[in-house]
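Participant: My questions will all concern the structure given below.
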Amino acid sequence: MAKTVIGVVALLVLMIEGFQADTGTTKNLQEIVIGRCYNYIRTINPSIGRNDCNDIWLRFLDAFLGKDPCDVPVRDYDQLFSTVQQTIPCNKVLLWSKTRDIVQSYSAVTHRFMTLDDTFIGYLFNALTWCGEKSKRELDYNSCPDWSTCENQPVASFWKKASEYFAESACGDVTVMLNGSIYNAFSNTSMLRSVEVQHLDPRKVNQVDIMVINSLRGPIRESCNSGSIVELIQILKHQGFRWTCTDNDKSLIILQCVRDPNHPSCKICNNSMRC
């Protein structure tokens, strides 16, 4: 019994230590960011123009090091974003909410769109965590506050700034993809509603094309004519944008059928190559 108790305690300690490590700054953050930087400018998008990876890293640190990790407002990243050089092509911007998997597949297959994750700045910091400590010029690898615990959390503020930058850069036609299989697809708390839609410039954007996709297995909760998506359309109208809205575009159904070819909705595609 004693050995069993000791074993359980040891396991709990390891689990707690592992959890604590995961809540702090991502290990080897500098190597990851600078490595991604060179990969992007040398292989992914060599035409991006001149960018100094070391300078970008330093401007990034300046935004939050030495500050309370719950007091890093969006404006503190201004210098970082002014350092990064990238022109976002017109007619390429794809905004989304609660549709990450299908958006990534759609963007990769069609090569017609660019998401925030595809941009230079988004690629650099995607899926990373960071914070510092007040009055210390050091990264905190032990514990960072969760997004929900404070408004000006450093990672949250970064992505708000990135979303502003991406939306403000949009020109021509903009595409928005939403999940019609959930309630409140255009949520008040989403970056799409709280930041991106508010920063689209009607002087630069010709039209906003909304695509609503439902999971093959359902349910159908919202559509172009129901739920929060109607609120999005009203906001776009109020801001002076032209818009379109499509439910379950065929290309998005085909993408889902690649993952779930035996679903009844995909049989027509399998038998006749037409959907």
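The values are calculated or read from the model by the stated rules, or taken from the named source; none is laboratory data. Keep in mind that what you see is a predicted model, and the values were worked out from it rather than measured. Positions of Cβ are backbone-derived with ideal geometry, glycine not excepted, and every protein chain shown enters the neighbour counts. Ligands, DNA and RNA are excluded from the accessible area calculation, which covers all protein heavy atoms including side chains. Shrake-Rupley method; radii C 1.70, N 1.55, O 1.52, S 1.80 Å.
Participant: Whole-Hz Karplus ³J(HN,Hα) for segment 218-233, in order, using 6.51 cos²θ - 1.76 cosθ + 1.60 and θ = phi - 60°, x for Gly and Pro?
Facilitator: 3J(HN,Hα) across segment 218-233, in whole Hz: x, x, 9, 9, 9, 8, 4, 10, 8, x, 5, 5, 5, 5, 4, 4.
Participant: Using a 7 Å offset from the Cα along the Cα-to-Cβ direction at both Thr23 and Asp249, what is the distance between the two label points in nm, to one decimal?
Facilitator: So the two model labels end up 4.1 nm from each other.
Participant: Structure shown: which of Lys98/Lys267; Lys27/Lys92; Lys98/Lys204; Lys92/Lys160 lie over 24 Å apart, alpha-carbon to alpha-carbon? Provide the component values of the computation, followed by the final result.
Facilitator: Working: Lys98/Lys267 27 Å; Lys27/Lys92 33 Å; Lys98/Lys204 26 Å; Lys92/Lys160 20 Å.
Distance filter (> 24 Å) returns Lys98/Lys267; Lys27/Lys92; Lys98/Lys204.
Participant: Between Ser265 and Lys136, how many nm apart are label points set 7 Å from Cα along the C-beta direction?
Facilitator: 5.0
Participant: In addition: List the residues whose amide H sits under 5 Å from the amide H of Cys245, counting only those 5 or more places along or on another chain, with H placed 1.01 Å from N in the peptide plane.
Facilitator: Under 5 Å from the amide H of Cys245: Ile210.
Participant: Return the tail of the calculated pair distribution for the chain, meaning the percent of Cα-Cα pairs more than 26 Å apart.
Facilitator: Working: 19921 of 37675 pairs.
Summing the P(r) tail past 26 Å for the chain gives 53 percent.
Participant: Further, regarding this structure: When the helices in the chain are scored as -39500 (n - 2.57) per DSSP H run of 4 or longer and the sum is shared across all residues, what 222 nm value do you end up with, to the nearest 500 deg cm²/dmol?
Facilitator: On the way: 10 runs with 111 residues, N = 275.
Only helices count here, giving -12500 deg cm²/dmol.
Participant: Between segment 138-165 and segment 52-74, how many Å separate their Cα centres?
Facilitator: The two parts, judged by their Cα centres, are 11 Å apart.
Participant: Given an 8 Å cut-off on Cα distances and at least 6 residues of separation, report the relative contact order of the chain as a percent.
Facilitator: Working: 434 pairs, mean separation 50.8, N = 275.
Contact order relative to length: 18 percent.
Participant: In the chain, what % of DSSP beta bridges are antiparallel (nearest 5)?
Facilitator: 10
Participant: Next question, about the same structure. Got a sec to turn the phi values of segment 137-149 into Karplus ³J(HN,Hα) couplings, 6.51 cos²θ - 1.76 cosθ + 1.60 with θ = phi - 60°, whole Hz, x for Gly and Pro?
Facilitator: Per-residue couplings from phi come out as 8, 9, 6, 9, 8, 9, 7, 10, x, 6, 3, 7, 8 Hz.
Participant: Here is a further query. With labels modelled as points extended 7 Å from the Cα through the Cβ direction, what inter-label distance (nm, one decimal) is found for Lys204 paired with Gln234?
Facilitator: With each label placed 7 Å out from Cα toward Cβ, I get 2.8 nm.
Participant: I'd like the FRET efficiency for Asn225 and Val109, computed as 1/(1 + (r/R0)^6) with the beta carbon distance as r and R0 of 25 Å, rounded to 0.05.
Facilitator: My answer for the efficiency is 0.35.
Participant: Pop out the carbon and sulfur fraction of the accessible area of segment 140-275 as a percent, whole number, probe 1.4 Å.
Facilitator: Working: 3340 of 6890 Å².
Carbon and sulfur: 49 percent of the exposed surface of segment 140-275.
Participant: Then there is this: Between Asn152 and residues 5 or more places away or on another chain, which pairs have amide H atoms under 5 Å apart, with H built 1.01 Å from N, and which residues are they?
Facilitator: Answer set, sorted by chain and number: Val72.
Participant: If you stretched the chain out fully between Asp101 and Thr149, how much longer would it get, using 0.36 nm times the residue separation minus the C-alpha to C-alpha distance? Please list the in-between numbers first.
Facilitator: Values: separation 48, 0.36 × 48 = 17.28 nm, distance 2.68 nm.
Between Asp101 and Thr149, full extension yields an extra 14.6 nm.
Participant: Starting from the Cα of Lys250, draw a straight line to each of the aspartates and glutamates and keep only those under 18 Å, dropping any in the same chain fewer than 8 residues away.
Facilitator: Within the straight-line cut-off, Lys250 pairs with Asp101, Asp209, Glu222, Asp260.
Participant: Now for a different question. Sort Glu138, Glu164, Glu222, Glu151 from largest to smallest accessible area, using a 1.4 Å probe on the heavy atoms of the protein chains.
Facilitator: Details: Glu138 100, Glu164 40, Glu222 10, Glu151 140 Å².
Most to least solvent-accessible, the answer reads Glu151, Glu138, Glu164, Glu222.
Participant: Please list, ordered by chain and number, the residues whose modelled amide H lies under 5 Å from the amide H of Ser143; skip anything fewer than 5 residues away on the same chain.
Facilitator: For Ser143, the qualifying residues are Thr25.
Participant: For an R0 of 25 angstrom, estimate the FRET efficiency from the Cβ-Cβ distance between Cys90 and Asp55 and round to the nearest 0.05.
Facilitator: With a Förster radius of 25 Å, E is 0.35.
Participant: If you filter segment 169-213 for trypsin sites (Lys or Arg not before Pro), then keep DSSP loop positions with at most 11 other Cβ within 10 Å, what is left?
Facilitator: On the way: sites: Arg193, Arg203, Lys204; in loops: Arg203, Lys204.
Of the trypsin sites (Lys or Arg not before Pro), the ones in loops of segment 169-213 whose Cβ has at most 11 other Cβ atoms within 10 Å are Arg203.
Participant: What residues from segment 85-99 fall in the zone where the backbone N is under 18 Å from a label point 7 Å along the Cα-to-C-beta line of Asp173?
Facilitator: Only 89-96 fall inside the zone, counting backbone N under 18 Å.
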